[in-house]
Amino acid sequence: MKYYSIADPSHVVSFEQAVMNGQAPGRSLYFPAAIPVFTPSWWLDFHKKNAHELAYDVMQPFVGEEIPEQILREIVQTTIDFPIPLKQLSDKLFIVELFHGPTLAFKDVGARFMSRCLSYFRRNSDKPITVLVATSGDTGGAVAHGFSGVPGVEVVIFYPKGKVSPFQEHQLLTTASNVRAYAVEGSFDDCQQMVKAAFADQQLQQQKVMTSANSINIARWLPQQLYYFLAMQQWQYQDAPVISVPSGNFGNIAAGILAHQRGLPVEHFIAACNSNDTVPRYLEDGVYQANQTIPTISNAMDVSDPSNFIRILSLLSRKDIPLAQILSAKSYSDELTRETIIQINDEHQYLVDPHTAVGIAAAKDYQLAKQEAKSIVLATAHPIKFSTVLNELPGIMINDTSDETILNRIVIPASEEGWKQVLYT
Ligand SMILES: *Cc1c(COP(=O)(O)O)cnc(C)c1O
């Protein structure tokens with residue numbers, strides 16, 4: 001499969017180049033040159049396939065001949081070596097739990113797939129590749145674990161000191177020796193600036209082979225299709241479901257729409273957003289206007305200018321499908337999110353994290369208008385990751401046992417001196 005840059009379709013690269021580059025030139029995104037669809041005979045066997053066969057079939061066309069069959073089979077097997085169950089809460093409401101991976105959020109899937117692809121592409125080099133990441137919490141953990149112990153890859157993570165939860169800091173620090181995480185005396189923006197400065201440093205570029213594990217990398221984006229297929233394998237109804245996706249940077253939902261274009265039966269997608277409502281407003285009035293980012297309790301969705309939204313537009317423009325037919329989007333306040341958590345806990349004795357709660361609120365709203373619709377909500381994180389928010393709610397108690405005292409934290413200044421001390425070795 002070839003990949004082109006959305007900003008400049010004449011810029012075409014291989015799967016390997018797209019993975020190694022991460023971003024296309026001029027901050028653009030890579031996009032597959034074709035949408036591979038499945039044949040009717042493949043669908044006849046769909047329910048009989050085991051998870052690993054299915055995962056291989058979903059990913060293979062995007063990788064092509066660039067990774068040998070046996071190795072790609074191993075990559076997808078180790079990517080999803082945890083269950084992805086579909087649970088029923090009521091006759092109309094289903095949840096697919098994406099949080100059974102090592103860092104308890106869906107980002108494990110993309111991070112694990114990407115790390116293994118990188119390791120394969122670096123197999124003949126004696127120099128390790130350095131993956132540099134700035135994180136506000138969730139991404140760093142998934143990347144740290146996804147790359148932990150992966151040969152030929154070294155990971156350096158910058159996170160803002162005191163601004164990630166104890167649970168998240170544990171995930172960053174308790175990993176293998178090829179992963180180093182540093183607490184920066186500053187904000188998440190400082191961390192991002194340091195990463196950018198390091199990438200712009202000519203001398204460092206000559207010393208090290210460096211890449212980023214940014215969420216727009218196709219090796220993180222494409223494997224997110226997997227759980228849509230795995231959820232539909234467990235779907236036992238004639239009618240296709242509506243799928244509600246808690247959305248921030250819109251990578252997850254864009255992968256769902258890609259899966260749908262390959263033939264997966266889905267009635268409609270709902271992008272469930274928090275107060276960062278650029279896309280809901282755009283669908284309403286056709287004006288794309290990103291406002292200042294608003295901090296919320298579903299903080300992994302605090303994105304006001306979602307990078308992957310353009311991938312959805314690219315997918316639809318190919319088939320000439322009007323956006324409103326396949327996608328609706330709605331925004332929910334923190335107050336409504338909290339109410340939804342309490343309500344779902346009371347009615348179903350099922351505790352959800354704030355991101356998943358936004359998804360449920362949107363699915364319920366949609367059902368008010370379309371009563372016959374059955375919906376699947378993507379549960380994007382385990383509630384324990386957000387125990388601080390949940391324990392403030394009446395009637396809810398969730399025990400986060402992660403130890404507050406972390407002994408191996410390394411603190412660096414938010415400056416050139418900070419990243420140079422870490423990266424020049
Ligand atoms: C990253 C994240 C999201 C948002 O996913 P996008 O692909 O950026 O839309 C939602 N929920 C959780 C828990 C996340 O970590």
- For Lys48, the lysines lying under 18 Å Cα to Cα, once residues fewer than eight places off in the same chain are dropped, come out as none
- Note on the structure: Kirkwood calc, the chain, C-alpha pairs only, radius in angstrom 22.0
- Message: Can you tell me what share of the DSSP beta bridges in the chain is antiparallel? A percent to the nearest 5 is fine.
- Response: 25
- What is the percent of Cα-Cα separations in segment 56-132 that go past 14 Å? 68
- Item | Cα Rg, Dmax (largest Cα-Cα span) when computed across segment 117-189, Å | 12.6, 40
- Query: Of the GluC sites (Glu not before Pro) in segment 360-425, which ones lie in a loop per DSSP and count no more than 11 other C-beta atoms within 10 Å?
  - Reply: Glu372, Glu392, Glu404
- Three principal axis extents, largest first, for the C-alpha atoms of segment 164-321, in Å? 55, 37, 35
- Task: Can you tell me the dipole magnitude for the chain around its Cα centre, using point charges on the Cβ only (Lys, Arg +1; Asp, Glu -1), in Debye to the nearest 20?
- Result: 920
- Message: Based on C-alpha coordinates, I'd like the Rg and Dmax of segment 254-318, in Å.
- Response: 13.0, 37
- Task: Provide Ile294, Ile360 ordered by accessible surface of protein heavy atoms (probe 1.4 Å), highest first.
- Result: Ile294, Ile360
- Correct semi-axes for segment 29-171, from √(5λ) of the alpha-carbon gyration tensor and rounded to whole Å with the largest first, are 28, 24, 13
- Query: How many Å³ per residue does the convex hull of the Cα positions in segment 183-269 occupy?
  - Reply: 140
- Qualifying lysines (Cα of each under 24 Å from Cα of Lys2; at least 8 residues distant if same chain): Lys319
- Task: Using the Cα centre as the reference, give the magnitude of the dipole from point charges on the C-beta atoms of segment 272-411 (Lys, Arg: +1; Asp, Glu: -1; all else neutral), rounded to the nearest 20 debye.
- Result: 620
- For segment 343-401, what log10 I(q)/I(0) values come out of the Debye formula at q = 0.21, 0.24, 0.29 1/Å, with one point per alpha carbon and no solvent? -0.83, -1.00, -1.26
- Message: I need two numbers for segment 1-47: Rg to one decimal and Dmax as a whole number, Cα atoms only, in Å.
- Response: 14.3, 43
- Message: Test of understanding: in a Gaussian network model of the chain with alpha carbons linked when under 10 Å, which of Pro394, Pro85, Pro241 would top the mean-square fluctuation ranking?
- Response: Pro394
- Query: Add -39500 (n - 2.57) for each DSSP H run of 4 or more in the chain, then divide by its residues: what number comes out at 222 nm, to the nearest 500 deg cm²/dmol?
  - Reply: -12000 deg cm²/dmol
- Computed over the Cα atoms of segment 1-93, what is the ratio Rg over Rh, Rh following Kirkwood? 1.07
- Message: Accessible area of segment 310-364 with a 1.4 Å probe: how many percent of it is carbon plus sulfur?
- Response: 52
- Got the relative contact order for the chain handy, in percent, Cα pairs under 8 Å and 6 or more residues apart? 17
- Can you pull the Rg over Rh of segment 283-383, Cα-only, Kirkwood? 0.99
- Hey, what do the phi angles of segment 156-164 turn into as Karplus ³J(HN,Hα) couplings, whole Hz, using 6.51/-1.76/1.60 and θ = phi - 60°, x for Gly and Pro? 10, 10, 10, 10, x, 4, x, 10, 10
- Selection from Ala231, Phe269, Gly186 lying farthest towards where the dipole of segment 168-276 points positive, charges on Cβ: Ala231
- Under 30 Å Cα-Cα from Lys163, which lysines qualify once same-chain neighbours fewer than 8 residues away are excluded? Lys107, Lys196, Lys208, Lys330, Lys385, Lys420
- For segment 340-347, Karplus couplings with θ = phi - 60° (6.51, -1.76, 1.60), whole Hz, Gly/Pro x: 5, 4, 5, 5, 5, 5, 5, 6
- Query: Rolling a 1.4 angstrom probe over the protein heavy atoms, how many square angstrom per residue are accessible across the chain?
  - Reply: 42
- How would you rank 299-309, 205-215, highest first, on the average number of other Cβ atoms within 10 Å across their residues? 299-309, 205-215
- Cα-derived Rg to Rh of segment 107-247, Kirkwood definition: 1.04
- Message: Defining a contact as two alpha carbons under 8 Å apart and six or more residues distant in sequence, what relative contact order in percent does segment 116-206 show?
- Response: 29
- Item | segment 247-321 - charge dipole about Cα centre, Lys and Arg +1 at Cβ, Asp and Glu -1, debye rounded to 20 | 340
- Note on the structure: Over all viewing directions the Cα convex hull of segment 236-350 casts an average projected area in nm² of 8.2
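The values are calculated or read from the model by the stated rules, or taken from the named source; none is laboratory data. The model shown is predicted, which means the values in this text are computed figures rather than measured ones. Cβ: placed from backbone, ideal geometry, glycine included. Neighbour counts: every protein chain shown. Each accessible area value is taken on the protein alone, full model and side chains, heavy atoms only, with ligands, DNA and RNA left out. Shrake-Rupley method; radii C 1.70, N 1.55, O 1.52, S 1.80 Å.
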